[in-house]
Amino acid sequence: MSENFPVSYEDRKNGKVATLTLNAIAPNNTLSLELLNEFVATMLKTCEEADGIIVNSANPKFFSNGLDGGTLLAANQETRENTIAAMIRVYSKMLRFPKPWIVEITGHAMAGGAVISSAADYRYMIGSGARIGFSEMAVGLSLPLVYVHNIHRLVQPAYVRPIIEGTAYKPDEALRIGLIDGIGETAEDVRKLCLKRMDGILKLEQSAYLPTRMRYRSAVLHEIDRDEDMDVEGAMELTRTPGFEKALNMIAGKNR
């Protein structure tokens, strides 16, 4: 079992539910390139062994703040480019996970944490002490178009622009615009919401639900696949600018 992404299983009435826990770089539960790849590999393996997955965090204050700024600051240019490219390309992989998955957000989910959350089937969040948002632009990084395509699918159109601009949303605000699907007042309440929703999904005939689920994603995946290489090319250019170094320092400051 991975120390970074431990998995536990529970037999529910309608199927086996796995809980995968993010236990990444302290203090903000951030990710390196190796951890990002390990997360995807662990999710795919878990999809083979469970009917549905709930992703939560070992850190009560942070679901995840995405890529680790300190790790990227210390990395060479090749590793920086590979990490940023991987964070872009991982999005279509997460949308293609073959089993339903739900995120249980009991702490901040900013930048890459919001990216991971937005790729899930459902998102449930604690009612206080947490924020969710795509904060890339706020530190001087452009938000990849592949993320924006799916944001359009999730939220009311008028809120796409402020999301792109880096707005950090309180839970009630996020629920109002459609960025999350429900709020629990306590961590235990959030857990109950996740399990209730997963039980409802698994109650459906899976031979009908699973292909319908992927057909529902087909249009956005078509857009993502079309624009992914362009996003990566633009990101590679950005990593070679002085602004990228400045952004990494800002991220590293937030990851302390």
Kindly provide the trypsin sites (Lys or Arg not before Pro) of region 1-89 that DSSP labels as loop, not H, G, I, E or B, and whose Cβ sees at most 15 other Cβ atoms within 10 Å. Lys13, Lys61
Measuring from label point to label point, each 7 Å out along Cα→Cβ, what is the Lys61 to Lys196 span in nm? 3.0
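Restricting attention to region 111-209, which GluC sites (Glu not before Pro) occupy a DSSP loop and are surrounded by at most 14 other Cβ atoms within 10 Å? Write down the numbers at each step before the final one.
Numbers: sites: Glu136, Glu165, Glu173, Glu185, Glu188, Glu205; in loops: Glu136, Glu165, Glu185, Glu205.
Taking region 111-209 and a limit of 14 other Cβ atoms within 10 Å, the loop GluC sites (Glu not before Pro) found are Glu165, Glu185, Glu205.
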Non-local amide H neighbours of Arg131 (under 5 Å, H modeled in plane, Pro and chain starts lacking H): which ones? His108, Ala109
Roughly how far apart, in whole Å, are the Cα centres of region 134-190 and region 194-256? 13
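Could you work out the helix-only [θ] at 222 nm for the chain, with each DSSP H run of four or more residues adding -39,500 (n - 2.57) and the total divided by the number of residues, to the nearest 500 deg cm²/dmol?
On the way: 10 runs with 136 residues, N = 256.
Mean residue ellipticity, 222 nm, calculated: -17000 deg cm²/dmol.
Send over the Kirkwood Rh of the chain, from the inverse of the averaged 1/r over different Cα pairs, rounded to one decimal Å.
Working: mean 1/r = 0.0547 Å⁻¹.
It is 18.3 Å.
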Could you derive backbone 3J(HN,Hα) for region 124-139 from the dihedral phi with the Karplus parameters 6.51, -1.76 and 1.60 (θ = phi - 60°), listing whole Hz in sequence and x where the residue is Gly or Pro? 10, 9, 5, x, 8, x, 8, 9, 9, x, 8, 8, 4, 4, 5, 10
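Test of understanding: ordering Arg197, Arg215, Arg240 by Cβ neighbours within 10 Å, fewest first, what list do you get? Could the numbers behind the result be given before it?
On the way: Arg197 19, Arg215 9, Arg240 12.
The most exposed by this proxy come first: Arg215, Arg240, Arg197.
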Please figure out what share of the DSSP beta bridges in the chain is antiparallel and state it in percent, rounded to the nearest 5. 30
Cut-off 16 Å, label point 7 angstrom out along Cα-to-Cβ of Glu10: give me the residues of region 40-73 whose amide nitrogen falls inside. 50-58
Find the lysine pairs in the chain meeting two conditions, Cα atoms under 22 Å apart and a separation of 8 or more places or different chains, and report how many there are. 21
Under the 0.36 nm per residue contour assumption, what length would be gained going from the current alpha-carbon distance of Glu48 and Glu205 to full extension? 54.7 nm
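No lab work stands behind these numbers, since they all come straight from the coordinates. Treat the numbers as computed from the prediction; the structure is a model and nothing was measured. Quick reminder, even Gly has a Cβ in these numbers, built from the backbone with ideal geometry, and neighbours come from all protein chains shown.
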